[in-house]
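J.: Pasting a structure below so you can have a look.
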Amino acid sequence: MPIVEVEIVCSQDDCLDTKWAQQIADLAANVFETGPGHTWVKLRKLERNCYAENAMPDDAVPSPVFVSVTKKEMGDVSDIRHEMKALSKGIAEIVGRPSEHVHIKFEPDAVGRIAFGGNLVEDD
């Protein structure tokens, strides 16, 4: 049930490739070892003029990719480390950005706080 939300900073004349969401979903499903239909991806564009970094001239600010991952349970640190590396490398390749510009945040466990179709995610 991983949910992967991807937000890409783009200039106004950039557009998101129509294949990226599916490519990222397939990548994430491989990383999380989930079956068909069990990894969901939401892909959004963040206009360049809506992103800034402090004390940086406009021409020096990179165009990062922000990724938020929600899983039933995060797992241990070695799992998270592996997943972050695989996701950042794979997403960077898909969207054509350096992997050091892909920033990943794991959300708290979904157990007991998220419902799908009105059904609370619970421990098995």
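The values are calculated or read from the model by the stated rules, or taken from the named source; none is laboratory data. These numbers come from a predicted model, not from an experiment. Don't worry about glycine lacking a Cβ; one is built from the backbone with ideal geometry, like all the others, and counts go over all protein chains shown. In case anyone asks, the SASA skips ligands and DNA or RNA and just uses the protein heavy atoms, side chains included. Shrake-Rupley method; radii C 1.70, N 1.55, O 1.52, S 1.80 Å.
J.: Does the range 70-86 contain any residue that is of a type in the set (Gly, Ala, Ser), open to solvent by less than 60 Å² (accessible area, probe 1.4 Å), modelled with pLDDT of 95 or more and closer than 22 Å to residue 15 by Cα?
T.: No, the range 70-86 has no match at all.
J.: I would also like to ask the following. From the list 61, 41, 67, which one is over 20 Å from residue 106 (Cβ atoms) and either crowded, with 16+ Cβ neighbours inside 10 Å or aliphatic (A, V, I, L, M) (or both)?
T.: 61 is the lone residue from the list that is over 20 Å from residue 106 (Cβ atoms) and either crowded, with 16+ Cβ neighbours inside 10 Å or aliphatic (A, V, I, L, M) (or both).
J.: Turning to a different aspect of this structure: Could you please let me know if residue 18 is closer than 21 Å to residue 111 by Cα, of a type in the set (Ser, Thr, Tyr) and not in a helix (DSSP H, G or I)?
T.: In short, no.
J.: Counting only residues that are open to solvent by 40 Å² or more (accessible area, probe 1.4 Å) and in contact with a Phe, Trp or Tyr (Cβ under 9 Å, 6 or more places away or on another chain), how many does the range 95-124 have?
T.: 2
J.: Can we say residue 44 is of a type in the set (Lys, Arg) and not in a loop (DSSP other than H, G, I, E, B)?
T.: Criteria met by residue 44.
J.: What's the total number of residues in the range 11-31 that are open to solvent by less than 50 Å² (accessible area, probe 1.4 Å) and out of contact with any Asp or Glu (no Cβ under 7 Å at 6 or more places or on another chain)?
T.: Here the count works out to 9.
J.: Continuing with this model, one more query. Within the range 91-108, can you find the residues that are over 16 Å from residue 16 (Cα atoms), in contact (Cβ under 8 Å) with a residue 24 or more places away in the chain and either hydrophobic (A, V, I, L, M, F, W, C) or in a helix (DSSP H, G or I) (or both)?
T.: Those that are over 16 Å from residue 16 (Cα atoms), in contact (Cβ under 8 Å) with a residue 24 or more places away in the chain and either hydrophobic (A, V, I, L, M, F, W, C) or in a helix (DSSP H, G or I) (or both): 101, 104, 106.
J.: If a residue has to be of a type outside the set (Val, Ile, Thr) and either touching a Gly at 6+ places or on another chain (Cβ under 9 Å) or closer than 17 Å to residue 34 by Cα (or both) to count, how many in the range 50-98 make the cut?
T.: Matching residues across the range 50-98 total 12.
J.: Something else now. Which of (1) touching a residue at least 40 places away in the same chain (Cβ under 8 Å); (2) β-branched (Val, Ile, Thr); (3) touching a helix residue (DSSP H, G or I) at 6+ places or on another chain (Cβ under 8 Å) does residue 121 not meet, given it meets every other one?
T.: Of the numbered conditions (1) touching a residue at least 40 places away in the same chain (Cβ under 8 Å); (2) β-branched (Val, Ile, Thr); (3) touching a helix residue (DSSP H, G or I) at 6+ places or on another chain (Cβ under 8 Å), the odd one out for residue 121 is (3).
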